[in-house]
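Following: one structure in structure tokens, then a few remarks.
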Amino acid sequence: MNFKKLLITSLILSMTVIYFGCSTAKEEKNMPEKKVEKIPPGHARIDGVISKIEPIIKNDDPNDPCSKIPCIAMVKVSGAEYGAGFPVLNMKEDIKVKFQFTLVPTSKDIFPNMEEKYPGLMEGQEFTALVQYIETINETIPNYQIYGYSIK
């Protein structure tokens, strides 16, 4: 008789656990998913301000727009979300950043095959961007590079 009570109690307990486990899964399934955009390794999403636009550095590549148009700026970072392997930024210091598609508005003259359009950035302007970190021994090339941005 004790064995029967133990078996029934175990069965009821097991069914209760299964029932509540399934109902929790159903509730989570019906909840709207949060869209969390993952930051790729070696990148960070920053909020920043252009502190200073660096002078144009002439080079021998006639196809390089950065030999004719400003591409490098000092950026004051006010906020950052990091991907794996991206070094932590000191919010008190400016970082040197190369804007791969220049700091002027994009146009067909500069990038004939480019679909994306960027409005250009000026000193004092706030923006948000995904920054890539690249280790380099050439000190004329900034370690931080931005391909696209949006103005705040």
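No value in this document is a laboratory result; all are computed from the given coordinates. On a predicted model such as this, the values are computed, not experimentally measured, just so you know. Here Cβ is always computed from backbone atoms with ideal geometry, including for glycine, and neighbour counts include all displayed protein chains.
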- Message: Could you tell me how many cubic angstrom of Cα convex hull volume the range 43-151 has per residue?
- Response: 106 Å³
- For the range 102-149, radius of gyration divided by Kirkwood radius, i.e. Rg to Rh on alpha-carbons: 1.01
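Nearest 20 debye, what's the magnitude of the dipole of the range 63-152 about its Cα centre given +1 on Lys and Arg Cβ and -1 on Asp and Glu Cβ?
About 140 debye.
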- Task: Determine which aspartates and glutamates satisfy two conditions relative to LYS108: a Cα distance under 13 Å, and not lying fewer than 8 residues away in the same chain.
- Result: GLU116
